[in-house]
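To start, the structure itself, in structure tokens.
The values are calculated or read from the model by the stated rules, or taken from the named source; none is laboratory data. On a predicted model such as this, the values are computed, not experimentally measured, just so you know. Neighbour counts run over all protein chains shown; Cβ positions are idealised from the backbone, glycine included. Just the protein is used for accessible areas: all its heavy atoms, side chains included, with ligands, DNA and RNA removed. Shrake-Rupley method; radii C 1.70, N 1.55, O 1.52, S 1.80 Å.
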Amino acid sequence: MIETGRALSALDYQKILLRRLALRGRVTALFETIDLLLIPVHPFPPVTLAMIQTLGEQPDLIAKLQRYTCPFDMTGHPTITLPGGASTDGLPIAFQLVAAHLGEATLVRAGAAFQRATSWHRRHPSLTSRRQH
């Protein structure tokens, strides 16, 4: 990734910055009509330790892992990630809430309300019965 960035021309970098600002503007406009956005963290069950150990060899997997989180890293909108389910292997599945700029207090209140109404944050996968992948 670093080498890819170093290979960019100043003009290409400026184009990226302009696209980032445009995205930020569109997301900011969205928050004029909503309080929070609920989206997945990633569209599949949690990755295994074996998959994590080979991430450097799997650029497609890296892209999939960042699909729902990277846009808000780029726009600077605050997010909070909460457990909201479990995979068939019993691993936690998370979702994220996104708020308007400076909307951290809204995120914390929404997260606390969700945790008061559910018990997902109290559930933990079994470490002894889990098979290694």
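Summary of computed values
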quantity: Along each principal axis, Cα extent of segment 22-65, largest first, Å; calculated: 42, 22, 11
quantity: Hz values of 3J(HN,Hα) by residue in segment 20-34 - Karplus curve (6.51, -1.76, 1.60), Gly and Pro given as x; calculated: 5, 5, 5, 4, 4, x, 5, 5, 4, 5, 4, 6, 7, 10, 9
quantity: Whole-percent carbon and sulfur share, accessible surface of the chain, 1.4 Å; calculated: 60
quantity: Accessible surface, per residue, of the chain when the full set of protein chains is kept, probe 1.4 Å, Å²; calculated: 71
quantity: Whole-number percent relative contact order across the chain, with pairs defined as alpha carbons under 8 Å at least 6 apart; calculated: 26
quantity: Theoretical ellipticity at 222 nm over the chain - DSSP helices of four or more residues, -39500 (n - 2.57) apiece, nearest 500; calculated: -13000 deg cm²/dmol
quantity: From the coordinates shown, semi-axes √(5λ) of the Cα gyration tensor in Å corresponds to which of (i) 27, 18, 13; (ii) 30, 25, 9; (iii) 25, 21, 17; calculated: (ii)
quantity: Order by protection proxy (mean Cβ within 10 Å, highest first), peptides 108-119, 79-90; calculated: 79-90, 108-119
quantity: Table column - 3J(HN,Hα) (Hz), segment 100-117, Karplus curve with 6.51, -1.76, 1.60, x for Gly and Pro; calculated: 5, 3, 6, x, 4, 4, 4, 4, 5, 5, 5, x, 5, 5, 4, 5, 5, 8
